[in-house]
1. Going by Cβ distance under 4.7 Å, what cysteines of the chain have no possible disulfide partner?
2. Considering the convex hull of the alpha carbon atoms of the chain, report its projected area averaged over all viewing directions, in nm², one decimal.
3. Mind scanning Lys46/Lys420; Lys11/Lys64; Lys64/Lys215; Lys188/Lys420; Lys116/Lys423 and naming the pairs with a C-alpha gap bigger than 30 Å?
4. Take the Cα pairs of the range 166-307, get the Kirkwood Rh, then feed it into Stokes-Einstein at 20 °C and 1.002 mPa s and tell me D in µm²/s.
5. How high is the relative contact order of the chain, given as a whole-number percent (alpha carbon pairs under 8 Å, six or more residues apart)?
6. Can you give the % of DSSP beta bridges in the chain that are antiparallel, to the nearest 5?
7. Can you give the FRET efficiency to the nearest 0.05 for Tyr413 and Glu56, using r as the Cβ-Cβ distance and R₀ = 22 Å?
8. Within 10 Å of each candidate Cβ there may be at most 16 other Cβ atoms; applying that plus a DSSP loop requirement, which GluC sites (Glu not before Pro) in the range 43-108 survive?
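What follows is calculated from the coordinates using simple rules that are stated; it is not laboratory data. These numbers come from a predicted model, not from an experiment. For neighbour counting, all protein chains shown are included, and Cβ atoms are generated from backbone atoms with ideal geometry for every residue, glycine included.
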Amino acid sequence: MNTVEQHKQEKHPLDVVDDVYDYADEELSFEEIEERAGGGEWERLKWAGMYAQKQEGYFMIRTKVPGGKLTPEQAEVIGEVTDDLAVAPEEYGGEEQNELWGDAYLDITTRQDIQKHWIRVEDVPEMWDRYDEVGLTTVQGCGDSARNVLGCPAAGLDDHECFNAQPVIEAVSDFFTENREYANLPRKFKITITGCAHDCAQSQINDVGLVPAKKEIDGESLYGFHARVGGGLSDGPRMGSELDVFIRPEDAVEFCRAVAQTFKELGDRNNRGVCRMRYLVEQMGAEKFEEAVRDRCTIDLPTGGQNLTVGYQSDHVGVHEQKQDGLNYVGFNVIAGRMGGDEFAEAARAAETYGTEDASVRLATDQNFLITHIPDENVDDLLAEPFAQEYSPDPGAFSRGAVGCTGNEFCNYAIIETKKRTKRWARELDDRIDVPDDIESIRMHMSGCSASCAQPQIADIGFRGETVKLEDEDGDDIVEGMDFGLGGSLGADNEFLDWVESAVPADAVIPALEQLFEAYSADRDDGEEFYEWCRGVDNGQLRSIMQGADAPVARGVAHGD
């Protein structure tokens, strides 16, 4: 049994939620918390949605938003709590601690969560009290349990939707949240559920992905789900395997429970490096894994029906007509997912001002957000709001596709800074590179390490952090750099990118991309996407194109030497 498992056996992880109130009441320091509860408390605190920042005394705290759907009131509370509590102390720079965002900002994540930084333990109960009033929670935002359940951010709005799966998402989330029986799994357990034919909820890279399907049963044509299992990224990325099952919407909770039970009983609890469910599916094979799930399921699962997924949609940026006459939703572009708490609250108030009583704020897996149910006559007024100028629904191609993880600003694992770099690079690339007119988005994802929180493997252009040795006149100069990947995508032509070049100095990336896009624009076939072109060019040729740029040259990778 590994050390983390020992900590989880010493005390049920959900018990830590009650302990937080005591730590807050006594205003305990990190040292005092560890003295009282032991080193394992830092692991158990994840079940409260809390990660210890690299700056001792402060937490990152994660708010779960099932399916990404928020009422305007909930979104406003999130923004206001961020503005009030996610505040850096003067010793870390205060309002000036980040030159791009200042202070009191939040991050929209690739799992439709909200993350805040600089939270003190004594402020957590106030946050939870304000959250309770509007039905929000941070419980199991992290930890080895079911994480936030993903869904299409345009659920209930788009014509290409087969059916609205948001009620199913909420039912599955409700089942697992604070469920002690399934709150201690071998590893994190990620679920996505959608009724959308375009699978923007990324079923192929989740532990469980439910996608729309149709089947004739007893003479009746029914909508439900097909299932994919064992997908994931990080080290050892894997696309999910399809099971031969048809799941009625009312049976989705039981199916997900049975999968969790299978993982709980058969998953590896010894080697933390291979504890994820994708390794279990790979080891057993899809057919035997399906048998194990059926054995643990209390309902009969029909075999599969007609698959209704027709493609993959990577974002919802822009102004879109809803299937409800005269209404629209607007997708706003938040480069790398970071924005001020005050700005998020402004967006929530704008949803109330310009939307109908059904208006909502939706978080997307590309770190952007939507405002829904805007009547035709109010769209222009919404787009004139100050926050809409910064988070434009009509961005450049690189800004539209830019995704960044937390990076070494706060994360203990990240090797490089990511958020500021992603925003600066996206805007600089939009200025410097003429992307073909028919290309709306270039998906550029930057992870600070190999954990893949920014999902680089499914991007047109993916980065993961490294440190790099440069040759200079005075010897070796160690700088931030990255492995450079090209050609990833999900959907019918799903394929993880190739890591084409390793240990590229950060300063060499933009010149290299300029060279690549010059070649792409000259050589591409009509309508050919960038990832498609990259797949058609030999990796050696891609490296040769990039190395033709006037840029720093790496001597080798420094970390690990």
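1. Result for the chain is Cys142, Cys162, Cys200, Cys256, Cys275, Cys297, Cys411, Cys449, Cys534, no neighbouring Cys Cβ within the cutoff.
2. Across all orientations, the chain yields a mean hull projection of 26.7 nm².
3. Checking Cα-Cα distances, Lys64/Lys215 exceed 30 Å.
4. 141
5. On the way: 1314 pairs, mean separation 64.6, N = 561.
Normalised by residue count, the contact order of the chain is 12 percent.
6. DSSP beta bridges in the chain are roughly 85 percent antiparallel.
7. Once the sixth-power term is evaluated, E becomes 0.85.
8. Those that pass, being in a loop and sparsely packed, are Glu56, Glu99.
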